[in-house]
Amino acid sequence: MKKTRALQALHVSILSLSFASLAEPVRGEEEAQTRGEAQPGQNDPKALTLLSLEQLMDVQVISVARKPQKLAESAAAIHVISQEDIRRSGMSSIPELLRLAPGINVAQFDGNKWAISSRGFNEVFSSNLLVLVDGRTVYSPIFSGVYWDVQDFPLEDIERIEVIRGPGGTLWGANAVNGVINIITKRAKDTQGGLLTAGVGNIEQDTELLRYGGKLGESAHYRVYAKHFDRSHYDRAGDNKPNDAWNQTRSGFRLDWEPSGPDSVSLQGDTYAGTSGENINIPLLSSPYSRTLNDDVKVSGGYLRARWQRTLSAGSDLSLQFYYDHTDRKPATLEESRDTYDLDFQHRFPWWGRHELIWGLGYRLTQDETIAHTFSTSFNPASKALNLYSVFVQDESRWMGDRVRFIIGSKVEHNDFTGFQFQPNARLLWKPAEAHTLWASASRAVRTPSRGETAVRLATSPFQNQGMTFLPVVFGNPGFRSETLLAYEFGYRSEPFKNLSVDAAAFYHDYDHLNTTEAGNPYLESTPAPAHFVIPLRIENKSSARVYGIELEANWRLNGNWRLSGSYTLLQMHFRIDPASTDTASLARSGDSPQQQWQFHSYFDLPHHLNLDAALYYVDRLSNQQTLAYTRIDLRLGWQPVKDLELSLAGRNLLDGSHREFGSNLVQVGSEVPRSLYAKLSWHF
Amino acid sequence: MAFLNRAEGMFRKLARFLPFILAVAQAEGASPSEYEVKAAFIHNFAKFVQWPMSSGSNTLRLCIVGDNPFANALEVIRDQAIDGKHWEFQFLRTPQNLDRCQVAFISVSETGKLNAIVESLGGKPVLTIGDGEGFAERGLIINFYLENQKVRFEINPNAARRAGLAISSQLLKLARIVTVGEER
């Protein structure tokens with residue numbers, strides 16, 4: 001009942017907006033009329049030349065939904081989330097923003113955790129998606145995944161998010177198996193002046209950000225910020241009250257310096273501390289064999305990144321980057337502290353006429369210390385330092401007057417678990433006509449073992465049989481191999497009409513050596529008491545899969561005030577296990593990701609500096625996660641009463657009181673995502 | 001399954017509103033196109049740039065090199081004069097004899113040849129303009145970009161100096177300045 005009414009309300013609003021647009025002048029026109037000047041337009045284009053330079057810079061234009069050069073000529077399935085998309089999404093966290101990209105599956109697990117992946121294999125620690133922030137990897141090698149709860153820097157500082165589906169191993173290295181997410185922050189010179197934002201809502205109970213940017217002399221710019229948020233817990237169907245509240249304080253800076261023409265130096269850093277709550281299940285060796293614990297996980301950390309770039313000549317540059325990253329997490333079961341040092345060098349130059357070569361070297365040292373507080377989870381060794389060496393080279397050449405581009409390259413890495421890994425790829429791009437692009441690619445990518453897969457001991461709830469207690473324990477395997485992927489993709493991009501652009505990609509992925517857990521022979525263990533039989537579940541590589549699908553995206557700018565966009569994703573996964581494997585549960589992994597997803601967005605500019613933005617999402621059921629299909633509607637109303645002030649009201653998940661997006665796992669208990677409302681004020685001073 | 005039924009109903013309702021939506025799209029034709037605005041900018045640039053002593057001809061030659069994105073947009077400036085000089089347009093498929101143009105607009109289709117174009121023009125008094133990513137860093141004097149549906153431009157003053165052109169400070173202060181190293 002509620003749903004039908006909501007949909008009806010949406011229809012009525014679309015209709016009344018259409019009338020509103022016919023009845024009232026467009027914002028730009030209104031201003032020009034009050035200034036008493038001729039309105040430039042198709043009726044009198046020559047009037048444009050009567051405008052001064054400053055006036056010309058104020059004219060809003062309709063352009064074809066043209067992507068930046070880089071995007072239109074990419075031989076990959078890429079989507080860029082712009083700062084404008086971010087501002088008008090009404091979303092307040094980075095993981096939520098990733099819903100905007102087609103082909104990305106975002107499932108919120110609880111108040112501060114997400115399962116995010118591309119093209120399948122979704123789980124709370126999704127291992128196949130590499131995520132970088134300004135070239136710094138935030139993918140943790142402990143469980144091969146991203147701790148999204150500590151990637152919460154100000155959304156207003158993001159320049160764009162590049163979402164690349166498909167393997168990116170050649171340029172980005174191991175673990176960029178199903179995709180790469182590249183979050184790029186704004187340069188300091190683009191965040192000058194002061195910014196104060198404050199928000200309040202039923203879930204985001206309070207959020208504040210204060211940022212200031214200025215100049216140091218003529219050639220340096222800086223910004224500093226501090227932010228804090230407090231988010232309440234979610235809902236859960238079931239007995240326990242969820243403990244997934246989330247709060248964090250964070251501050252950081254960025255300094256960009258151009259000491260001379262060809263050189264630029266950038267220094268940035270952040271530090272954060274907070275609490276991410278969760279509910280976990282801890283096994284007990286005697287009745288009731290399991291208890292649920294409310295765990296307030298304390299998290300803290302920070303990073304420092306320095307980058308030097310020099311332009312050698314037109315089309316040729318080199319860069320050197322160093323970063324240090326520290327993360328600390330204190331769950332009740334196992335504490336982890338990690339230090340990462342990374343040095344990266346890249347050089348790009350034209351050669352041999354029509355070619356451009358880019359090559360690089362990298363070294364990363366990551367060392368962790370884990371402290372186990374319960375018998376159920378521990379690492380052996382408890383502490384380890386991992387070295388990663390890498391070198392890559394890629395050549396790009398242009399043919400037939402720039403209509404055809406051919407890219408070929410490979411990355412070679414050496415890691416402490418699996419030695420040398422090769423990740424070659426080849427891509428071809430062809431523009432048969434203006435505004436039509438075809439591309440194809442073949443790549444190999446690997447997902448290297450995590451610390452967990454090689455060293456963990458994870459006990460799950462024991463059971464009784466004939467008076468004996470049996471405790472299943474997952475054991476890491478130091479001989480765990482890398483998972484491998486051979487991927488074949490092709491795509492088509494076009495602007496069939498003025499103001500309409502479409503983007504289609506199809507892929508076929510062949511995975512091998514996928515992780516499985518193999519049951520071994522039980523043995524008696526006397527400590528901790530009481531004595532019990534351990535059923536060892538060893539992590540092996542005895543599975544493979546074939547995955548294929550398509551991703552479609554379209555953008556339509558109807559007029560100067562109204563833009564629509566939509567996407568559709570289809571995914572088919574078929575898993576197999578080796579004859580020697582006992583892990584039949586692996587066969588059901590296709591049910592961890594939705595077979596279909598689609599979304600539809602409308603961005604409407606109303607008169608009087610109002611924006612009305614609406615989004616509709618559909619995500620198919622997850623048969624292996626006891627999660628039903630769901631439809632989500634978000635609405636956002638933004639208002640800029642004066643130039644430097646913006647007020648907005650956003651409603652998310654308006655259709656449902658609460659719904660589940662992902663199932664619980666061996667340890668963590670998930671929650672249901674509620675309806676939420678959020679009001680925000682943004683003031684530039 | 002139930003959802004599919006709901007979706008069908010929704011699409012049928014939206015189909016009824018489609019004529020209104022399209023009407024709105026037609027009615028709103030009053031915003032100028034991107035290239036009409038860029039043409040107007042080029043006309044303005046010519047007012048704020050000084051070429052070295054010219055041959056005294058009374059035409060300002062604008063050469064479009066490569067694919068022509070302007071289509072009819074150049075009509076916006078066709079009969080407009082600057083200091084008694086009128087615009088003359090030339091459409092070049094290949095970047096030959098660019099030194100006979102006062103202004104050269106290099107289309108994005110020539111991205112691959114950009115380095116060669118910049119080198120061959122070194123020192124000649126041609127105002128090079130483009131609208132591709134990184135074109136100013138690669139040596140063009142003025143490069144357009146879009147920001148929030150508005151046309152903006154960036155200027156490479158070193159490139160202007162190399163060409164022997166003087167750019168008025170009134171134009172420089174409205175531009176994003178691009179600094180790149182000097183060629184060795």
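Before moving on, here are some points about what is shown:
- Net lengthening on full extension, A:VAL391/A:TRP556 (0.36 nm per residue, minus Cα-Cα): 55.3 nm
- Listed residue pairs exceeding 18 Å between alpha carbons, taken from A:LYS227/A:LYS330; B:LYS47/B:LYS85; B:LYS38/B:LYS124: A:LYS227/A:LYS330; B:LYS38/B:LYS124
- Estimated inter-spin distance, A:PHE600 and A:LEU428, nm [label 7 Å along Cα→Cβ]: 3.8
- Using distinct alpha-carbon pairs, which all enter the 1/r mean, Kirkwood radius of region A:232-275 in Å: 14.3
- Stokes-Einstein diffusion for the protein assembly as shown at 20 °C, viscosity 1.002 mPa s, with a Kirkwood radius from C-alpha pairs, works out to 73 µm²/s.
- Beta bridges per DSSP with both ends in the protein assembly as shown, % antiparallel, nearest 5: 90
- Sorted by Cβ density within 10 Å, fewest first, the residues A:ILE181, A:ILE408: A:ILE408, A:ILE181
- B:ARG176-A:LEU438 FRET efficiency (beta carbon distance; Förster radius 30 Å; 0.05 resolution): 0.30
- In this rough spin-label picture, where each label sits 7 Å from Cα along the Cβ direction, the A:ALA47-A:LYS215 distance is 3.7 nm.
- Two-site FRET efficiency, A:ASN665 against A:ALA529, from Cβ-Cβ distance with R₀ of 25 Å, rounded to 0.05: 0.35
- The charge dipole of chain A, taken about its Cα centre with unit charges on the Cβ of Lys, Arg, Asp and Glu (plus for the first two, minus for the last two), comes to roughly 780 debye.
- Averaging 1/r across all pairs of distinct Cα atoms in region A:189-293 and inverting the result yields a Kirkwood radius of 17.3 Å.
- Share of pairwise Cα separations in region A:440-517, more than 17 Å, in percent: 67
- With the convex hull of its Cα atoms as the shape, region B:69-184 has an orientation-averaged projected area of 8.0 nm².
- Residues listed by number, region A:209-234, amide nitrogen under 16 Å from A:ASP296 label point at 7 Å toward C-beta: A:229-234
- Formal net charge of residues neighbouring A:GLN394 (Cβ-Cβ distance under 10 Å; K, R +1; D, E -1): 0
- Its residue count N fixes a reference of 2.2 N^0.38 Å for region A:295-408, and the Cα radius of gyration divided by that reference is 1.59.
- Ordering A:SER264, A:PRO283, A:THR249 by Cα displacement along the dipole of region A:213-314 toward the positive end leaves A:SER264 in first place; charges were set at the Cβ atoms of Lys, Arg (+1) and Asp, Glu (-1).
- Taking amide H atoms as placed 1.01 Å from N in the peptide plane, the amide H of A:THR517 lies under 5 Å from those of A:GLU540, each 5 or more residues away in sequence or on another chain.
- Cβ neighbours within 10 Å from other chains - mean over B:103-115: 3
- Neighbourhood net charge (13 Å Cβ-Cβ; Lys/Arg +1, Asp/Glu -1) for A:ARG621: -2
- FRET efficiency estimate (nearest 0.05) - Cβ-Cβ, A:TRP352 to A:THR374, R0 56 angstrom: 0.40
- Counting only residues at least eight positions apart within a chain, or on another chain, the aspartates and glutamates with an alpha carbon under 13 Å from that of A:LYS431 are A:GLU73, A:ASP402, A:GLU495.
- Potential lengthening between B:PHE48 and B:GLN90 on full extension [0.36 nm per residue; Cα-Cα distance subtracted]: 12.9 nm
- Using bins of 10 Å that start at zero, the share of Cα-Cα pairs per bin across region A:138-244 amounts to 11, 28, 29, 26, 5, 1, 0, in whole %.
- Vicinal HN-Hα couplings computed from phi for region A:145-156 (Karplus, 6.51 cos²θ - 1.76 cosθ + 1.60; Hz; Gly/Pro x): x, 10, 7, 5, 5, 10, 9, 10, 8, x, 5, 5
- As a rough footprinting exposure proxy, the listed residues A:VAL265, B:VAL49 were ranked by other beta carbons within 10 Å of their own, and the order from fewest upward is A:VAL265, B:VAL49.
FYI, it's all coordinate maths here, none of it is from the lab. Just so it is clear, the model here is predicted, and its values are computed rather than measured. Cβ: placed from backbone, ideal geometry, glycine included. Neighbour counts: every protein chain shown.
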